[in-house]
Each structure stands twice: as C-alpha cells, then as structure tokens.
Amino acid sequence: MRFTIAVDGPAAAGKGTIGRALAERFGFAHLDTGLLYRAVGAKGGDPVAAARGLTPEDLCRSDLRSLAAGDAASRVAALPEVRAALVAFQRDFARRAGGAVLDGRDIGTVICPDAEVKLFVTASPEARARRRWLETGGDESQVLAEVCARDARDMNRADAPLKPADDAQLLDTTDLSIDAAIDRAAKLVAARLPR
Ligand code: C5P
C-alpha cells in the first residue's frame with residue numbers, strides 16, 4: 001500500500017512528535033525533513049554542493065538539534081537550488097511501499113501535493129517557544145525571538161514558503177497535551193485509511 005501523511009507547520013508546533021507517533025501507530029516509515037536542511041546548514045561551505053552530496057552519515061551528526069542548527073537550516077532552506085536538490089529523495093520516500101509520514105514545511109504544498117492526509121500543526125508562538133526552551137534551556141525570551149525570526153524567514157521566502165495547503169486539516173496544539181494531539185491526529189488519519 002502507498003499512503004502518504006504530510007505533517008507541516010512552524011517550529012516546535014509538535015510536528016515531529018506527532019509524525020513519529022503516527023508512523024509508529026500505523027506502521028509507516030517516518031522522515032523528519034527538517035533534518036535534511038539542518039544537515040546541509042551544518043556542513044558549511046557551498047550549501048548547494050552540500051545538498052547535492054548529502055549522505056546518510058550527514059544526518060547522524062549530534063549537533064543538528066541545536067537552535068543554531070535550526071537557524072542555519074532556515075537560511076540554506078531559502079535557496080531554491082538547495083530545495084531542488086532534496087526533492088527527489090523526499091518524493092521517493094513518500095511513495096515507498098508500506099506508507100510514509102513526512103514532517104516539514106512544504107510537504108503538503110510542494111513535495112507531496114497528492115498526499116492522502118495533510119495536517120498543518122500549529123500552536124501559539126509563546127507555547128512553541130516554551131517547549132523549545134524546555135529542551136534547550138537558556139533565556140526564554142531569546143528563544144521566543146529566535147522562533148519568531150525563523151517562522152518569519154520560513155513564511156516569507158519566495159520558494160516553498162511555510163503555509164497550509166488548501167486541503168490541509170489544521171491542528172492547533174496550544175492547549176493540547178502531547179497525547180491528546182497525537183490522538184486527534186490519529187483519528188484524522190484513520191478516517192482516510194482504505195478499509
Ligand atoms: O523542522 P525543523 O525545525 O528541524 O526545520 C529546520 C528548518 O529547515 C526550518 O526552519 C525550515 O527553514 C527548513 N525546512 C524547510 N522545509 C522542510 C523542512 C524544514 O524549509 N520541509
């Protein structure tokens with residue numbers, strides 16, 4: 001069976017957690033596409049060459065989850081040649097047999113416009129900054145500023161900006177526990193699975 005779940009949304013909205021949980025619940029493969037851009041940003045040098053030559057080992061670096069890596073990722077992600085170099089890998093992953101969940105910013109709009117399920121996961125900037133701050137520590141107001149700056153860059157870039165697909169289902173996790181958010185997402189997926 002081929003079945004693609006696209007999970008898009010801004011930083012720290014819960015996409016990754018929801019995407020992983022959906023993959024586990026339905027037995028699908030999961031791809032965190034942000035990791036691709038983080039790995040390109042972390043490689044340094046020419047980002048287009050880094051994207052074209054990305055290897056599985058590049059995705060295993062231990063420093064890819066930091067705020068700095070997220071910031072570098074959103075800068076290289078604004079380059080159309082970088083995005084173009086990563087399209088085929090993501091599309092192949094999405095159509096693998098057995099089902100796939102991809103989380104990112106442009107999965108439902110650009111990478112998989114025909115995905116069977118499209119979720120757009122959001123939460124207030126304050127809620128998202130608090131979650132990120134609980135992971136990273138540091139100054140909470142600084143984390144909020146960085147989250148907002150990254151959102152602005154992702155939403156305002158010309159190529160594949162962050163926005164919900166017209167047919168995406170919105171899931172606001174501001175006041176939801178992780179379990180409640182996963183449950184709601186799973187119900188939306190279950191309603192679309194072939195019987
Ligand atoms: O999801 P994550 O925070 O790891 O993504 C890091 C950055 O990579 C985002 O801020 C965004 O600029 C970029 N990205 C993207 N398209 C995706 C996934 C991530 O532009 N599909």
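Please list 11-20, 66-75, 117-126, 137-146 highest first by mean number of surrounding beta-carbon atoms within 10 Å per residue.
Numbers: 11-20: 23.8, 66-75: 18.1, 117-126: 20.8, 137-146: 14.0.
In descending order of packing, they fall as 11-20, 117-126, 66-75, 137-146.
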| task | For residue 2 and residue 88, compute 0.36 nm times the residue count separating them, minus their Cα-Cα distance, and round to one decimal in nm. | result | 29.3 nm
| task | Report the extension gain between residue 20 and residue 114 in nm, rounded to one decimal, defined as 0.36 nm multiplied by the number of residues separating them, less their alpha carbon distance. | result | 31.8 nm
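Semi-axes, largest first, in whole Å: what does sqrt of 5 times each Cα gyration tensor eigenvalue give for region 11-105? Walk me through the numbers before you get to the answer.
On the way: eigenvalues 103, 48, 25 Å².
Ellipsoid half-lengths, sorted descending, are 23, 16, 11 Å.
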| remark: If one builds a Gaussian network model of the chain from Cα atoms under 10 Å apart, the most fluctuating residue listed among 55, 174, 109 is 55
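When the solvent-accessible surface of protein heavy atoms is calculated with a 1.4 angstrom probe, in what order do 82, 110 fall, highest first? Don't skip to the end; give the middle numbers.
Values: 82 0, 110 55 Å².
Sorted descending by solvent-accessible area, the residues read 110, 82.
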| For the chain, what D do you get in µm² per second when you plug the Kirkwood radius from alpha-carbon pairs into Stokes-Einstein at 10 °C and 1.306 mPa s? | 94 µm²/s
| query | Residues of region 68-93 with amide nitrogen under 16 Å from the 7 Å Cα-to-Cβ point of residue 145? | reply | 68, 71
| Is any residue of region 125-152 close enough, with backbone N under 19 Å, to a label point placed 7 angstrom from the Cα of residue 62 along the Cα-Cβ axis, and if so, which? | 135-137
| note | Computed over the chain, the relative contact order (Cα-Cα under 8 Å, seq sep at least six) in percent reads 34 percent
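The values are calculated or read from the model by the stated rules, or taken from the named source; none is laboratory data. In this text the structure is predicted, and so the values were computed from the model without any measurement. Glycine gets a Cβ as well: all are built from the backbone with ideal geometry, and neighbour counts include every protein chain shown. Accessible surface is based on the protein model in full, side chains and every heavy atom, while ligands, DNA and RNA are left aside. Shrake-Rupley method; radii C 1.70, N 1.55, O 1.52, S 1.80 Å.
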